[in-house]
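**Q** Structure below; questions to follow.
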Amino acid sequence: MVLGASAVLGVYAAGYLITEPGAGLLDQIVSAAPSAIAATGRLRDGTYLGQGQSRFGAVYVTVAITQGRISQVWINAVTTTFPSQAIDALRDQVVVRQSAAVDLVSGATASSSAFVQAIQAALRQAQ
């Protein structure tokens with residue numbers, strides 16, 4: 001099936017009109033969220049579970065705290081549009097930065113935001 005340029009433009013325009021109103025919502029959620037929890041104080045040793053939600057699904061993580069510091073992060077499950085491989089590198093950023101303040105992954109912003117929320121939830125338990 002061959003579509004003319006005007007038909008393709010119409011499809012893109014319709015998709016934009018449908019999704020654009022919700023695009024700003026994600027920015028509002030990310031900016032309205034409490035600032036990333038930094039592990040500046042001593043965290044309680046242990047293993048903590050966290051869940052983060054986006055409009056495209058959820059991210060579930062486990063955070064290990066050893067000697068008051070984030071020692072390891074696991075992504076347990078991802079139900080977002082993108083597979084866990086899209087946000088896998090964020091795990092190392094959390095450990096290096098000792099914080100949920102990570103760089104969002106372009107193209108997987110909702111998944112990244114859900115990951116940050118999950119890390120924040122786990123760190124709140126460790127405080």
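**Q** Please determine, by comparing only the residues of region 83-97 that are part of a loop (DSSP other than H, G, I, E, B) and within 11 Å of the chain's Cα centre (by Cα), which one is surrounded by the most Cβ atoms within 10 Å (Cβ to Cβ).
**A** Filtering region 83-97 for residues that are part of a loop (DSSP other than H, G, I, E, B) and within 11 Å of the chain's Cα centre (by Cα), the one surrounded by the most Cβ atoms within 10 Å (Cβ to Cβ) comes out as ILE87.
**Q** Scan region 70-82 for residues that are of a type outside the set (Ser, Thr, Tyr) and either surrounded by fewer than 17 Cβ atoms within 10 Å (Cβ to Cβ) or without any contact (Cβ under 8 Å) to a residue 24 or more places away in the chain (or both) and jot them down.
**A** Selection gives GLN72, TRP74, ASN76, ALA77.
**Q** To continue, here is another question. What is the number of the single condition among (1) within 13 Å of ALA126 (Cα to Cα); (2) not in a strand (DSSP E or B) that THR47 does not meet?
**A** Checking THR47 against (1) within 13 Å of ALA126 (Cα to Cα); (2) not in a strand (DSSP E or B), the one that fails is (2).
**Q** How many residues does region 53-69 hold that are β-branched (Val, Ile, Thr), surrounded by 16 or more Cβ atoms within 10 Å (Cβ to Cβ) and in contact with a Ser or Thr (Cβ under 8 Å, 6 or more places away or on another chain)?
**A** Count: 3.
**Q** Would you confirm, using the coordinates I've provided, whether ILE29 is touching a Leu at 6+ places or on another chain (Cβ under 6 Å), modelled with pLDDT under 95 and either closer than 16 Å to VAL96 by Cβ or surrounded by 13 or more Cβ atoms within 10 Å (Cβ to Cβ) (or both)?
**A** no
**Q** Then there's this: Does ALA100 meet the test of being at pLDDT below 90 and surrounded by 12 or more Cβ atoms within 10 Å (Cβ to Cβ)?
**A** So ALA100 fails the test.
**Q** Still on this structure: Would you confirm whether any residue within region 39-52 is in contact with a strand residue (DSSP E or B) (Cβ under 8 Å, 6 or more places away or on another chain), loosely packed, with under 13 Cβ neighbours inside 10 Å and modelled with pLDDT of 95 or more?
**A** Within region 39-52, one or more residues are in contact with a strand residue (DSSP E or B) (Cβ under 8 Å, 6 or more places away or on another chain), loosely packed, with under 13 Cβ neighbours inside 10 Å and modelled with pLDDT of 95 or more.
The values are calculated or read from the model by the stated rules, or taken from the named source; none is laboratory data. Nothing here was measured: the structure is a model prediction, and the numbers come from that model. FYI the Cβ positions are ideal-geometry reconstructions off the backbone, even for glycines, and counts take in every protein chain you see.
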